[in-house]
Amino acid sequence: MKKILITGASGFVGSHLVEEALKRDLDVYAGIRKTSSRDFLKDERINFIELNFGDKDQLSAELGRMKFDYIIHNAGVVSASRLEDYWRVNFEYVKNLADTLIATDVLPEKFTFISSAASYGPASAEDLTDFLTEDDEPNPINTYGKAKLKAERYLAQLPDFPYVIIRPTGVYGPREKEILTFFKLINRNIEGYIGTRRQHLAFVYVKDLARVILDATTSSISQKSYFVSDGRYYAQWDLGKYSKRILNKKTLRFHVPTSLVRGIAWTLEQFSSNGKSPALNLEKVRILESVNWKCDIEPLKEDLNFQPQYGLEEGLEETLAWYKENGWL
Ligand SMILES: NC(=O)c1ccc[n+]([C@@H]2O[C@H](COP(=O)([O-])OP(=O)(O)OC[C@H]3O[C@@H](n4cnc5c(N)ncnc54)[C@H](OP(=O)(O)O)[C@@H]3O)[C@@H](O)[C@H]2O)c1
């Protein structure tokens, strides 16, 4: 039985990765922190390993005890209160982990790094036929994306390091907490958007993402990077259209001018204390207002025969049903 370590196992994507790995009869080690919730890690087959990516000695001691066949490094911050947290967790901790594996001589067959389309994008706002491809010059527009890109580049220059980089676009599904805010408003008959310009958004349902990540991890492919979406493109109001139908809601729709949202985020940042970033901040607004998140998934189809089983509407059916069953909506 092959051993797999999945870091960030307590989170949204991580808990689905754990489920997918269990389905494949892998010996699953959930990499967590002392403080991590185990709410979505109840299966008795799961082993737990506490890792402190900031402490190379602790990492070395823990990882030296057993050699993993596969590692999926999924732990990361998607929303940080301080900009330095993006650099620390999304770059330095990735570097620490890779360095420790090399120094301790416990390199796995595959090290899959969960990056983000934000490390490259967005694609052109002027030319809407444009989409993100591997050959593009990366142009991340926020600290989150810049830190992910720095981590990607670090891994790619390590000699003979068996990495695969996965760059998902917007991920949705059961247990997701950010897009949930939008659905909560829809549930209260409120449908809000930033600006009026049509966006070309890309999404992937978390179960499709987990499948392709496990496919990539257990394949013989190495030293390659892939964007992941469901291969279709959506306007921002498709989220509203589908969720209203599924939740059987009529809504009051409004558009907040982009400049106003930016102004509010800027003002909140000026008045925030202890260098902490407010919930609405310019980092987030830059991503939310980006027009074009199309990306190329042909390499994923060619190399891994990726065939997404869910479009946005089908994925939302399952997601919203889960939110309701679990009292999140
Ligand atoms: N959600 C998306 O749309 C999306 C899109 C593209 C890429 N991604 C990437 O996918 C990965 C998972 O994201 P998610 O949406 O599942 O986020 P999430 O639900 O917030 O999960 C993040 C996970 O990372 C762990 N983590 C955070 N900071 C850590 C630290 N300092 N030390 C150790 N573990 C830490 C968390 O552990 P605790 O539970 O202990 O906090 C949690 O298990 C991230 O790398 C993210 O950048 C997500």
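The values are calculated or read from the model by the stated rules, or taken from the named source; none is laboratory data. Since the structure is predicted, the reported quantities are computational estimates derived from the model, not experimental observations. Every residue, glycine as well, gets a Cβ built from its backbone with ideal geometry; the counts of neighbours run over all protein chains shown.
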Review point. Do any residues in segment 191-214 that are on the phi > 0 side of the Ramachandran plot have Cβ atoms under 7 Å from those of residues that are at pLDDT below 95 and part of a loop (DSSP other than H, G, I, E, B), where the two are at least six apart or on different chains, and which pairs are they?
Key: 195/257; 195/289
Check your understanding: Filter segment 107-121 for residues that are more than 9 Å from the ligand (Cβ to nearest atom) and among the hydrophobic types (A, V, I, L, M, F, W, C); which is nearest to the chain's Cα centre (by Cα)?
Key -> 111
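Residue by residue, here is whether (1) buried (at least 18 other Cβ atoms within 10 Å of the Cβ); (2) polar (S, T, N, Q); (3) without any contact (Cβ under 8 Å) to a residue 60 or more places away in the chain; (4) in contact with a Ser or Thr (Cβ under 9 Å, 6 or more places away or on another chain) holds:
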residue	(1), (2), (3), (4)
232	no, no, no, no
237	no, no, yes, no
244	yes, no, yes, yes
255	no, no, no, yes
260	no, no, yes, no
264	no, no, yes, no
272	no, yes, yes, yes
Point to revise | Selected residue (only one of 285, 291 is more than 16 Å from residue 79 (Cβ to Cβ) and in contact (Cβ under 8 Å) with a residue 12 or more places away in the chain) | key: 291
Review point. Would you pick out the residues in segment 1-36 that are closer than 23 Å to residue 170 by Cβ and among the hydroxyl-bearing types (Ser, Thr, Tyr)?
Key: 7, 10, 15
Practice item. Can you give me the number of residues within segment 1-38 that are assigned to a loop (DSSP other than H, G, I, E, B), touching a residue at least 24 places away in the same chain (Cβ under 8 Å) and either surrounded by fewer than 18 Cβ atoms within 10 Å (Cβ to Cβ) or near the ligand (Cβ under 9 Å from one of its atoms) (or both)? Key: 11
Review point. How many residues does segment 1-15 contain that are farther than 10 Å from residue 30 by Cα and within 12 Å of the chain's Cα centre (by Cα)?
Key: 3
Check your understanding: Between a first residue in segment 169-184 that is more than 14 Å from residue 17 (Cα to Cα) and a second residue that is near the ligand (Cβ under 7 Å from one of its atoms) and assigned to a loop (DSSP other than H, G, I, E, B), which pairs have beta carbons less than 8 Å apart while being 6 or more apart in sequence or on different chains?
Key -> 178/78
Practice item. Please note which helices (runs of 4 or more DSSP H) are completely contained in segment 279-329 and include at least 2 residues that are closer than 25 Å to residue 245 by Cβ and touching a helix residue (DSSP H, G or I) at 6+ places or on another chain (Cβ under 9 Å). Key: 312-325
Practice item. Of the numbered conditions (1) more than 12 Å from the ligand (Cβ to nearest atom); (2) crowded, with 18+ Cβ neighbours inside 10 Å; (3) under 18 Å from the mean Cα position of the chain (by Cα); (4) more than 22 Å from residue 230 (Cβ to Cβ), residue 191 fails exactly one; give the number of that condition. Key: (3)
Review point. Mind checking whether some residue in segment 139-156 is surrounded by fewer than 16 Cβ atoms within 10 Å (Cβ to Cβ) and farther than 17 Å from residue 224 by Cβ?
Key: yes
**Study point:** Yes/no for residue 42 being surrounded by fewer than 18 Cβ atoms within 10 Å (Cβ to Cβ) and farther than 20 Å from residue 88 by Cα
**Key:** yes
**Study point:** Scan of segment 39-83 for residues that are without any contact (Cβ under 8 Å) to a residue 12 or more places away in the chain and away from the ligand (no atom under 13 Å from the Cβ), ordered by number
**Key:** 42, 44, 57, 61, 65
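Quick grid of which residues meet (1) under 22 Å from residue 131 (Cβ atoms); (2) in a strand (DSSP E or B):
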position: 207; (1), (2): no, no
position: 227; (1), (2): yes, yes
position: 241; (1), (2): no, no
position: 244; (1), (2): no, no
position: 250; (1), (2): no, no
position: 255; (1), (2): no, yes
Review point. Just wondering, is there one or more residues in segment 48-66 that are in a loop (DSSP other than H, G, I, E, B) and modelled with pLDDT under 95?
Key: yes
